[in-house]
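**Q** Pasting in a structure now, in structure tokens, and then I'll have a few things to ask.
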Amino acid sequence: MVRWEPNARERLAQAALELFGERGFDSTTVAEIAERAGLTERTFFRHFADKREVLFAGGELQELIVRAVAEAPASAAPIDAVAAGLDAAGAMLQERREFARKRQAVIVANPELREREVMKLASIAAAIAATLRERGVAEPAAGLTAEVAIAVFRSAFERWVYETSEGDLPALIRDSLGELRALVAS
């Protein structure tokens, strides 16, 4: 095995997704992932705590959303501040559509992973609500806005992942938010 090559984390993630797709999540071992990536198990564990973390690692998405919500203009309504966060998330994920599709297929096929995805989204919602409270939004508005944001994101994300056209995730997020606003206004 090669002692060091660049992009080990990405290679491990790609190898894991390939194997999860071929064999299923439960039937794939860390040793197989490392071997497919041309790395050692030790290298795998330097990057991920376990094989689930290939799908759920990193808080980059949450950090990006929270930062954009926090940096929205002080005059922005809570839903507009959240829209800025969702737009930032959509822009980041847009470049990773194929990875997102493969990841989603693995998650949908496994009840334990679906539960983990719900927990991750709940964590993001809690972070958004906390950021809104820091912006002066009282409860229950902060929590409700955060939960709505996650619903909007999920709706747009699922359309983006499953559509065959070359959809634009940020545009789908804005469309979903627009549909929500129209529904509330009616």
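**Q** Return the calculated 222 nm mean residue ellipticity for the chain, to the nearest 500 deg cm²/dmol, obtained by summing -39500 (n - 2.57) across DSSP H runs with n ≥ 4 and dividing by the residue count.
**A** The helix contribution divided over the chain gives -24000 deg cm²/dmol.
**Q** To continue, here is another question. If neighbour count is taken as other Cβ atoms inside 10 Å, put ILE33, ILE107 in order from fewest to most.
**A** ILE107, ILE33
**Q** Now a separate question. Averaged across orientations, what area in nm² does the convex hull of the alpha carbons in segment 55-131 project?
**A** For segment 55-131, the mean projected area of the Cα convex hull comes to 5.1 nm².
**Q** So, one more: Quick one: the Cα spread of segment 62-102 along its three principal axes, in angstroms, biggest first?
**A** That works out to 39, 15, 11 Å along the principal axes.
**Q** Here's a follow-up. Classify segment 8-54: rounded, prolate or oblate, from the alpha-carbon gyration tensor (a ≥ b ≥ c, eigenvalue square roots; a/c under 1.5 rounded; otherwise prolate if a/b is larger than b/c)?
**A** It is prolate, given that a/c is not under 1.5 and a/b is the larger ratio.
**Q** When only alpha-carbon atoms count, how far does segment 147-186 stretch along each of its three principal axes, as whole angstroms with the largest first?
**A** Ordered largest first, segment 147-186 gives principal extents of 31, 18, 13 Å.
**Q** Another question about this same structure. With θ set to phi - 60°, apply the Karplus curve 6.51 cos²θ - 1.76 cosθ + 1.60 along segment 135-142 and write out the HN-Hα couplings as whole Hz, x wherever there is a Gly or Pro.
**A** In residue order, the calculated couplings are 7, x, 7, 7, 7, x, 4, 5 Hz.
**Q** For segment 1-150, build the charge dipole from Cβ charges (+1 Lys, Arg; -1 Asp, Glu) around the Cα centre, then report which of VAL118, GLY24, ALA81 sits farthest towards its positive end.
**A** Farthest towards the positive end: GLY24.
**Q** Compute the relative contact order of segment 94-186 as a whole-number percentage, counting only Cα pairs closer than 8 Å that sit 6 or more residues apart in sequence.
**A** For segment 94-186, the relative contact order is 26 percent.
**Q** Considering every Cα-Cα pair within segment 58-185, what fraction, in whole percent, is farther apart than 26 Å?
**A** 19 percent
We did not get these values from a lab; they are worked out from the coordinates using the rules stated. Computed from a prediction, not measured in an experiment: that's the story for all the values here. So basically every Cβ, Gly included, is an ideal-geometry build from the backbone, and we count neighbours across all protein chains shown.
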